[in-house]
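Novice: Structure provided below as structure tokens; questions to follow.
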């Protein structure tokens, strides 16, 4: 990724730069915040790491970053400070935070989040192949607009959003053994059960030929996204007809990703209908 560090602490910046370059990132460094904003305005970055000091409130700088960006661009903003915490991060509108003195493993972890976030942003924004609306499942292009809205709400209000991906891992195997139409039919059966199990406020979109994504907005409590993931995992194994016309079951890969952090909170692979009575 292309990363910009904005920090007056030369030692901390050098350590961070060395770690990031070892991870394969292209790193740019700027000490002055206004100069950093000008760089962000002139060229795209996947991630921006900044220390707000000597300011005590990092929010004005984050607002400055958002203000100079072209519409639709949302680089991963990582707050780096001695007193950074989750509350400061949310109030600032940043994606995540790291504390100083720098912990190399924590930096590596947070950059993996940033990498996933950037890849997801690019993937959902690719409309070379879109998928038509069907039975309550919205198009990928429409889902991307909801995704961008969730990022904007996280920035403005600190809202949390969670994405649950459902991937038919053996879609190609079914297509080769029977037909593409048979694989599509089995995949559509999966969507009908996801719709039955979701909350009314959750949004389901088809984001790939063999992939659905469910957006959970504004969970009531912290455990709700994981509880939803567990519910889908346990229940989808109990429906006996999530199969192809020829009787092949779908192997489903579920992934739970938090927005705006990019944290992959869970990933599981299981066979649909495996526990059907």
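Here, each number is a calculation from the coordinates, and none is a lab measurement. Keep in mind that this is a model prediction, so the values were computed, not measured. Counting neighbours? That spans all protein chains shown, and the Cβs are built from the backbone with ideal geometry, glycine included.
Novice: Scan 106, 126 and give me the residue that is part of a loop (DSSP other than H, G, I, E, B) and within 19 Å of the chain's Cα centre (by Cα).
Specialist: Result: 126 is the single residue among 106, 126 that is part of a loop (DSSP other than H, G, I, E, B) and within 19 Å of the chain's Cα centre (by Cα).
Novice: When you scan region 223-247, how many residues do you find that are without any contact (Cβ under 8 Å) to a residue 60 or more places away in the chain and either part of a loop (DSSP other than H, G, I, E, B) or on the phi > 0 side of the Ramachandran plot (or both)? Quick ask: steps written out before the conclusion?
Specialist: Restricting attention to region 223-247, the residues satisfying the condition of being without any contact (Cβ under 8 Å) to a residue 60 or more places away in the chain are 223-224, 226-227, 230-231, 233-243, 247.
Those still in the list that are either part of a loop (DSSP other than H, G, I, E, B) or on the phi > 0 side of the Ramachandran plot (or both) too: 223, 236-242, 247.
Matching residues across region 223-247 total 9.
Novice: I would also like to ask the following. If you scan region 109-123, which residues turn out to be in contact (Cβ under 8 Å) with a residue 60 or more places away in the chain and either in contact with a strand residue (DSSP E or B) (Cβ under 8 Å, 6 or more places away or on another chain) or assigned to a loop (DSSP other than H, G, I, E, B) (or both)?
Specialist: 111, 113, 114, 116, 117, 118, 120, 123 - these are the residues of region 109-123 that are in contact (Cβ under 8 Å) with a residue 60 or more places away in the chain and either in contact with a strand residue (DSSP E or B) (Cβ under 8 Å, 6 or more places away or on another chain) or assigned to a loop (DSSP other than H, G, I, E, B) (or both).
Novice: Separate question: For region 59-87, give me each residue that is in contact with a helix residue (DSSP H, G or I) (Cβ under 8 Å, 6 or more places away or on another chain) and closer than 21 Å to residue 11 by Cα.
Specialist: The answer is 77, 78, 79, 80, 81.
Novice: For region 144-162, which residues satisfy the criterion of being within 17 Å of residue 200 (Cα to Cα) and in contact with a helix residue (DSSP H, G or I) (Cβ under 7 Å, 6 or more places away or on another chain)?
Specialist: The answer is 161, 162.
Novice: Can you pull out every residue in region 139-186 that is touching a strand residue (DSSP E or B) at 6+ places or on another chain (Cβ under 6 Å) and either part of a loop (DSSP other than H, G, I, E, B) or without any contact (Cβ under 8 Å) to a residue 40 or more places away in the chain (or both)?
Specialist: 169, 170
Novice: Quick check on my filter: what residues within region 83-101 are in contact (Cβ under 8 Å) with a residue 24 or more places away in the chain, assigned to a loop (DSSP other than H, G, I, E, B) and surrounded by fewer than 16 Cβ atoms within 10 Å (Cβ to Cβ)?
Specialist: Listed by number, the list holds a single entry, 101.
Novice: Another question, then. Taking region 187-203, which residues are in contact with a strand residue (DSSP E or B) (Cβ under 8 Å, 6 or more places away or on another chain) and not in a helix (DSSP H, G or I)?
Specialist: Answer for region 187-203, where residues must be in contact with a strand residue (DSSP E or B) (Cβ under 8 Å, 6 or more places away or on another chain) and not in a helix (DSSP H, G or I): 198, 199, 201, 202, 203.
Novice: When region 209-222 is examined, which residues are found to be surrounded by fewer than 21 Cβ atoms within 10 Å (Cβ to Cβ) and in contact (Cβ under 8 Å) with a residue 60 or more places away in the chain?
Specialist: 209, 217
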